[in-house]
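Notes follow the structure.
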Amino acid sequence: MESCCSTCTKLSSASPSHPCIADSRGFGRKFTRNSLDHHLLSSSLPKPFLQVNNARNTFLYRRSSSRFPSTASRGIISAEAWDFGRFLKTLYFFNGPPSPAKFVEFLVEKLSGPSPKEPVKAMETSGIVLVAGATGGVGRRVVDILRNKGLPVRVLVRNEEKARKMLGPDVDLNRSVHLYNKMKWGAGFYQDLSTKLRKLIVGDITKENTLTPEYFKGVRKVINAVSVIVGPKEGDTPDRAKYSQIKGDSPEMVEYLGMRNLINAVKGSVGLQNGKLLFGFEENSLKELPWGALDDVVMGGVSESTFQIDRTGGENGAPTGLFKGVVSTANNGGFTSIRTRNFAEPEDLSAYDGLELRLKGDGRRYKFVVRTSSDWDTVGYTASFDTVGGQWQSIRLPFSSLRPIFRARTVLDAPPFDPSNILMFSKFEYDGKLNPTFVEGAFQLPVSSIQSYIKDPVTPRFVHVSSAGVTRPERPGLDLSKQPPAVRLNKELGFILTFKLKGEDLIRESGIPYTIVRPCALTEEPAGADLIFDQGDNITGKISREEVARICVAALESPFALDKTFEVKSTIPFSESFTVDPENPPQEKDYNIYFKGLKDGITGKESLEQSPVPV
């Protein structure tokens, strides 16, 4: 036997999911009736859903007698009776009306286990980069850079024909890879892979119904180069003649409503910087889960547990969940657990690196289990964790540390763990190992929250190409004659910069790790000129589209670019052209040098509430 309270999370895109926490205790410590918590022995626990009556003797402990010499020598508690009614209620709670045939099958299969065939497979994670606006001047250059780096790319475009001509034939599905995997894994796996490998999404961010969620599966990072189309001219004339009219959808539709639609489409796939709360209290509200006890009664044991909300038992008197009960090794038992029913809709956690539990430890070892199937008895991806007695602590369980376990044995040929849906919490160590902290008797474990997390260092998941000048149209005292055309003509151009700023704010408020790049006037010049990065939205000048594309790709991998908003321009004035000598090209830049000089929280909006500053 062993002691363990386990958390198991189920992940599977095709089936519902549920969570569960378990506690099981092993041999080692002698108990008497008087040494147990009298309050618990008298069944003072709130009656769990699986309790069949109001009897106060669910557990009948006694000192071992001469009838039980083997247990007497070890001081183990014995039980008078197994609660068959509680067993049936457990099955009913998690599986619906009991099926005699399935019950018999469960008992037969319980005697056997899987035979190891291959080494455990490493877990696979997807890292697709979505490029929105992939046929634009910056977007198509971003696609080329990502391809040259060998990174998986998916593009979002409105015009399919234009995209194929501009981006090449490999913008479509890689059918040879699909065929291979179809033969290897079967049609179901093939269908899912088809979505993951799709490289071209035809959609319009101004039309929410075109952004089908299935198309964004596997996307972990986004570079958004979508922009409203201004004027009929692409050139960069001295008087900026292209700023004459808006072509196509309005700035409000593209820069604001379109941004909202795009964020909603990718939010679940790219993840939130502070993680996704699965259970716990947030802003005075409770994110609840349908918990139920799953104890050793299913194996003939008599241990009993429950899960309740303690309104003042958390940190600083805050509410917390409380897993508590009594564990006994009688009747070959020795574990308690709590688990949720299958979720009505699976939780997709594929954007995250693991789960974090906030709990008050008791010095014992518990176990966390993640299941990839909604079936009753399946492989669980498992990790044990130790707690510190009497202290609130955060336990991080990386998905990469979970190992596939079936009936306490490692399954070496289990499929890779796929964190796309959440399931349960459970029990036991594995492969014959005992829990070294096992103690029989009463226990309680406060758990205030369970949420996913992104491991450090966090890097941007959403890089957006905005524009310098977005805060200037409303800035008091600004000399508009010295400003670029877009600032002077903001109202005539449908409040283009006003809605660009509103779109930026949606990103900053979304919770997604981001970078907002505000280039000055874009040119067709080559990259390579010296750069100036600035904040506060004050600079004017020009910059190469190629350079902006490189900055965007670099920002995806830099923790120094996280949650930064900045303007950028080259040191070359408008009056001069920048060229590159093919025989002596400039060295590639280390953009981290620029990112490291940026500060948090500076957007230029500060100037709207301050006295005017000359520009």
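Among the residues of region 283-341, those that are in contact (Cβ under 8 Å) with a residue 60 or more places away in the chain, in contact with a Gly (Cβ under 9 Å, 6 or more places away or on another chain) and polar (S, T, N, Q) comprise S303, S305, T306, Q308, T320, S328, T329, N331, T336, T340. Here Q393 meets each of (1) of a type in the set (S, T, N, Q); (2) free of Cβ contacts under 8 Å to residues at least 60 places away in the same chain; (3) assigned to a loop (DSSP other than H, G, I, E, B) with one exception, condition (3). Of the residues that make up region 467-479, is at least one open to solvent by less than 30 Å² (accessible area, probe 1.4 Å), on the phi < 0 side of the Ramachandran plot and either of a type in the set (F, W, Y) or without any contact (Cβ under 8 Å) to a residue 40 or more places away in the chain (or both)? Checked region 467-479: no residue is open to solvent by less than 30 Å² (accessible area, probe 1.4 Å), on the phi < 0 side of the Ramachandran plot and either of a type in the set (F, W, Y) or without any contact (Cβ under 8 Å) to a residue 40 or more places away in the chain (or both).
Name the single residue that is most open to solvent (accessible area, probe 1.4 Å) among those in region 363-388 being more than 19 Å from T336 (Cβ to Cβ) and assigned to a loop (DSSP other than H, G, I, E, B). The selected residue is D375. Counting only strands (runs of 3 or more DSSP E) wholly contained in region 246-355, the ones carrying 3 or more residues that are surrounded by 19 or more Cβ atoms within 10 Å (Cβ to Cβ) and more than 21 Å from the chain's Cα centre (by Cα) occupy 291-293, 304-310, 320-327, 335-340. Step by step: first the residues of region 545-600, then only those that are more than 23 Å from K221 (Cα to Cα) and among the small types (G, A, S), then the one that is modelled with the lowest pLDDT. Which residue is that? Applying the filter and picking the extreme gives S575.
For region 389-399: of the residues being of a type in the set (G, A, S) and open to solvent by 50 Å² or more (accessible area, probe 1.4 Å), which is modelled with the lowest pLDDT? Residue satisfying both the conditions and the ranking: G390.
Considering only residues of region 541-575 that are among the hydrophobic types (A, V, I, L, M, F, W, C) and part of a loop (DSSP other than H, G, I, E, B), which is nearest to G150 (Cα to Cα)?
L562
Has region 530-548 got at least one residue that is hydrophobic (A, V, I, L, M, F, W, C), free of Cβ contacts under 8 Å to residues at least 40 places away in the same chain and open to solvent by 20 Å² or more (accessible area, probe 1.4 Å)? Within region 530-548, one or more residues are hydrophobic (A, V, I, L, M, F, W, C), free of Cβ contacts under 8 Å to residues at least 40 places away in the same chain and open to solvent by 20 Å² or more (accessible area, probe 1.4 Å).
Test G258 against the stated conditions and say whether it is farther than 20 Å from P319 by Cβ and either at pLDDT 95 or above or not aliphatic (A, V, I, L, M) (or both). Yes: the conditions hold for G258.
Please state which one of A383, A408 is at positive phi and touching a residue at least 12 places away in the same chain (Cβ under 8 Å).
A408
Selection of region 476-517 for residues being more than 23 Å from M253 (Cβ to Cβ), assigned to a loop (DSSP other than H, G, I, E, B) and modelled with pLDDT of 95 or more yields G511, P513.
Annotation: D530 fulfils all but one of (1) within 30 Å of T206 (Cα to Cα); (2) modelled with pLDDT of 95 or more; (3) among the charged types (D, E, K, R); the unmet one is (1).
R488 meets the conditions (1) closer than 23 Å to V143 by Cα; (2) open to solvent by 50 Å² or more (accessible area, probe 1.4 Å); (3) touching a helix residue (DSSP H, G or I) at 6+ places or on another chain (Cβ under 8 Å) in every case but one. The failed one is (1). Scanning region 518-529 for residues that are open to solvent by 20 Å² or more (accessible area, probe 1.4 Å) and in a loop (DSSP other than H, G, I, E, B) turns up E524, E525, P526.
The residue that is nearest to the chain's Cα centre (by Cα), counting only those in region 142-162 that are under 23 Å from L211 (Cα atoms) and assigned to a helix (DSSP H, G or I), is L146.
The values are calculated or read from the model by the stated rules, or taken from the named source; none is laboratory data. Worth saying up front: this structure is predicted, and the values here are computed from it rather than measured. Neighbour counts are summed over all protein chains in view; Cβ atoms, including those assigned to glycine, are modelled from backbone coordinates with ideal geometry. With ligands, DNA and RNA removed, areas are computed over all heavy atoms of the protein, side chains included. Shrake-Rupley method; radii C 1.70, N 1.55, O 1.52, S 1.80 Å.
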